[in-house]
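The values are calculated or read from the model by the stated rules, or taken from the named source; none is laboratory data. Bear in mind the structure is a predicted one, so any value in this text is a computation, not a measurement. Counting neighbours? That spans all protein chains shown, and the Cβs are built from the backbone with ideal geometry, glycine included. Side chains are part of the model used for accessible areas, which takes the heavy atoms of the whole protein and leaves out ligands, DNA and RNA. Shrake-Rupley method; radii C 1.70, N 1.55, O 1.52, S 1.80 Å.
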Amino acid sequence: MSILNSSIKNLRSRGAPVEAHVRSFAGNALLYARAPMAIMKKELMAYFFTPIAYIVIIIFLGVTGSFFFQILNGGFFYYNQAEMRSFFQFLPLILTIVVPAITMRLFAEEIHSGTIEVMMTLPVKTADVVVGKFLAATLFTCIMIAPSLIYLVTIIIVGSPDPGPIIGGYLGSILLAGAYSAVGVLASSLSRNQIIAFIGGLASCFSLWLVDKITIFLPARLSFIEFFGTDFHFRNISRGIIDSRDLVYFFSIIVISILVTTKILDDRR
Amino acid sequence: MITVQGITKRFGDITAVNNVSFSIKEGEITGLLGPNGAGKTTTLRMLTCYLRPDTGVISIGDLNVEDGPVEVRKIIGYLPESAPLYNDMIVYDYLNYIAEVRGIEGNGRIAEMGDLCGINSVMHMNIGELSKGYRQRVGLAQSMIHDPEILILDEPTSGLDPNQIIEIRNLIREIGKKKTVILSTHILPEVEATCDRVIIIDRGNIVADDRTDNLQKVSGGEKMVLVRISGADYPALAAELSRLPGVVGVEEVGDSDLVSARVTCSGTDDVRPEIFRMVSGKNWTLYEMLLEQRSLERVFRELTAGGTK
């Protein structure tokens, strides 16, 4: 940033139009992001052109809705609480199943049908392809979660919810969607078979969810293992406490998965 | 334009391409010819930076493929074998997506490609519903949308009907006037019809690399002429034909009611005027006389015959 500032200062002293320079800088950034954005758009479009997207969204909303309204525990009004805790409590587990179903086709289908050959001979970096697909899966998961905001409207009508856990819960959901999508994309790049990609993604995401739960069975000095669990960090955020450690955890999962996927695809050459 | 030096690619124990070198000039249409499994596709995949050669160097223009694959891909258009496409996309959306990734502004190029490849009528159809011929055209449109310097086509006419083959060949020849085109095929007439130059590849090795017309001449300059007449029987015709200068062999062809013979002649002189004069001198009726270009096929068979062993 300081380089940019000083270069603007230099330009100013020479009397060059700063706005144009800044605009071209932004233009270059956009130009760089062009390929991943185009890939993301295409993948998102592909989701909504097939009925699978709508089926996944309907099942997701049905299941999460039943948790929100506590159908199995006597009903939403029985507890007399204006909160979304039960929704966010089960969201991580549900996402471990749903997100791999969303990501399974991203690379497996391209490898299976051979379209990867066209894709990898376009003038794009492998990482750009991975990022584009990762963003599409994350965005799709967010779109899938978005209708649950209706629950929020319901509880605002019937009571006065504490905003902290709800904002934290949605932020955590986005991060969780990103982390699971990145892991799912990685699983998808390993196989030409979508079912195997799904099972691989499911096993990985579920393990990440499970890790902090098995610490009960481990000696106390191994309790640090819980830091590797997605649910552990999600719970922290969904309490309404946004801690950099939790953010770092989710971003690490995303970055590592994208890098490994890029390596796997490059090694296919 | 393209220089390939000693590239080798192995898949496990199989050597798909073995120490292959060639160079291709700008504005040449080069045919990569070989039997199935000869290493044509692997070679093309290395040229397009889809595969990385185990050893050897490929440079395209002044760019090294290993150092700048993204830059190289910008000037290459590539149609992979059997035109893999996204079946659940509409043709227009697909071309639009490719244009976007390649950074082409506006939809002018898509319209041009629609005209050039004759896909305007299917522009709003699902790719999955298209026939093989239209898929191939959409693939071709995809490969040319950025007006590439180099066009690489892997078996561009496979699975097409005869009319479509001729259309695609004409299209390739048209493009080849301005651009460098490399196409792979195992169909000989295709090379003879479209290519300036042939590289014959067999089991990963280059076995011939020359201009198409040179290769046609190279096999001793032998030509075949098919003659069909009436008014005489075969022995009489054969006797007269073998007396003509330059004729080295006559064989009977029994595929019609007419008396037919295939004449093999050596040398560069055309024997057809002699045949005509002989036939008209005998007062026989000449129905048909056809110069058969069979030499490239023979070259191909001779060079790649080991493949069947």
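Selection among B:LEU237, B:ILE150, B:TRP284 by position relative to the dipole of chain B gives B:LEU237 as farthest towards the positive end (Cβ unit charges, Cα centre).
Charging the Cβ of each Asp and Glu at -1 and of each Lys and Arg at +1, and nothing else, the dipole of the range B:147-197 about its Cα centre rounds to 220 debye. Net charge of the neighbourhood of B:ASN87, taken over other residues with C-beta under 10 Å away and scored Lys/Arg +1, Asp/Glu -1, is -2.
Taking every DSSP beta bridge that has both ends in the protein assembly as shown, the antiparallel portion is near 70%.
Ranking B:GLY27, B:ILE182, B:ILE275 by Cα position along the charge dipole of chain B, where only Lys, Arg, Asp and Glu carry charges on their C-beta atoms, puts B:ILE275 farthest toward the positive end. Only lysines eight or more places from A:LYS41 in sequence, or on another chain, were considered; those with a Cα closer than 23 Å are A:LYS125, A:LYS133, B:LYS74.
What the phi angles of the range A:133-140 give under the Karplus curve with 6.51, -1.76 and 1.60, with θ = phi - 60°, is a coupling list of 5, 4, 4, 4, 5, 5, 5, 4 Hz, glycine and proline written as x.
Our summary of shape: the Cα atoms of the protein assembly as shown have principal axis extents of 115, 67, 50 Å, ordered from largest down, in whole angstrom.
Averaged over A:108-119, how many beta carbons belonging to a partner chain fall within 10 Å of each residue's beta carbon?
Details: counts 0, 3, 2, 0, 1, 4, 6, 8, 3, 11, 14, 5.
Per residue, the average neighbour count from other chains is 5.
In this structure the amide hydrogen of B:ILE201, modeled in the peptide plane, comes within under 5 Å of the amide hydrogens of B:LEU33, B:GLY34, B:VAL207, none closer than 5 places in sequence on its chain. Inter-chain Cβ neighbour count for A:126-132, averaged per residue, equals 1 (cutoff 10 Å, partner chain atoms only). Note that the range A:172-187 has calculated 3J(HN,Hα) couplings of x, 4, 5, 5, 5, 4, x, 4, 5, 4, 4, 5, x, 4, 4, 4 Hz, one per residue in order, obtained from phi through the Karplus relation 6.51 cos²θ - 1.76 cosθ + 1.60 (θ = phi - 60°); glycine and proline are x. Measure nothing fancy, just the Cα-based angle from helix B:91-102's long axis to the longest principal axis of chain B, in degrees from 0 to 90, nearest 10. The answer is roughly 70 degrees. Once the partner protein chains are put back, the range B:50-84 shows a loss of at least 50 square angstrom of accessible area, versus the chain by itself, at B:TYR50, B:ARG52, B:VAL70, B:ARG73, B:PRO84 (probe 1.4 Å, ligands and nucleic acids excluded).
Rounded to the nearest 10 degrees, the inclination of helix B:162-176 to the longest alpha-carbon principal axis of chain B is 70 degrees. Note on the range A:132-269: with charges restricted to the Cβ of Lys and Arg (+1) and Asp and Glu (-1), its dipole about the Cα centre is near 380 debye. The convex hull of the Cα atoms of the range B:47-143, projected and averaged over all directions, covers 7.0 nm². Taking only the Cα atoms of the range B:159-214, the radius of gyration and Dmax are 12.1, 33 Å. Across chain B, Cα pairs under 8 Å and at least six residues apart give a relative contact order of 19 percent. Residue by residue along B:141-148, Cβ atoms of other protein chains within 10 Å of the local Cβ number 1 on average. If you roll a 1.4 angstrom probe over the protein chains with everything in place, what fraction of the accessible area of the range A:149-269 belongs to carbon and sulfur, to the nearest %? On the range A:149-269, the fraction of accessible area on carbon and sulfur atoms equals 74 percent. Stokes-Einstein diffusion of the range B:2-217 at 10 °C, 1.306 mPa s viscosity, Kirkwood radius from Cα pairs, rounded to a whole number: 90 µm²/s.
Cα centroids of the range A:85-102 and the range B:108-151: 42 Å apart. Determine the sum of side-chain charges near B:THR41: Lys and Arg each +1, Asp and Glu each -1, restricted to other residues whose C-beta is under 13 angstrom from that of B:THR41. Net charge around B:THR41: -1. Taking Cα centre as origin and charging only the Cβ of basic (Lys, Arg, +1) and acidic (Asp, Glu, -1) residues, the dipole magnitude of the protein assembly as shown rounds to 1500 debye. Distance between the pseudo-spin-label points of B:ASN19 and A:VAL248 (7 Å out from Cα toward the beta carbon): 5.5 nm. When the protein assembly as shown is described by a simple charge dipole with +1 on each Lys and Arg Cβ and -1 on each Asp and Glu Cβ, the residue from A:LEU95, B:GLY106, B:PRO162 located farthest towards its positive end is A:LEU95. Excluding B:ARG109 itself, what net charge comes from residues whose Cβ is under 10 Å from its Cβ, given Lys and Arg +1 and Asp and Glu -1? It works out to a net charge of -2.
For the chain pair B and A, the buried solvent-accessible surface (1.4 Å probe, both sides summed) amounts to about 2700 Å². Using a Debye calculation, one point per C-alpha and no hydration shell, please list log10 I(q)/I(0) for the range A:33-267 at q = 0.08, 0.11, 0.17, 0.18 Å⁻¹ in order. Here log10 of I(q) over I(0) equals -0.32, -0.59, -1.24, -1.34.
Each 10 Å bin from zero holds the following percent of Cα-Cα pairs in the range A:96-152: 20, 43, 25, 10, 2. Of the peptides A:45-54, B:271-280, B:203-212, the ranking by mean beta-carbon count within 10 Å, highest at the top, reads B:203-212, B:271-280, A:45-54. Per residue, the range A:33-267 exposes 45 Å² of solvent-accessible protein surface, assessed with a 1.4 angstrom probe and all protein chains in place. Protein heavy-atom accessible surface, 1.4 Å probe, per residue over the range B:1-110: 39 Å². DSSP beta bridges fully contained in chain B are about 70 percent antiparallel. Here A:THR50 and B:ASP147 are evaluated by their C-beta separation; at R0 = 35 Å the FRET efficiency comes out at 0.60. Taken as Cα centroids, the range A:110-124 and the range B:46-76 sit 16 Å apart, rounded to the nearest whole angstrom.
In the range B:219-298, the alpha-carbon atoms span a convex hull of 83 Å³ per residue.
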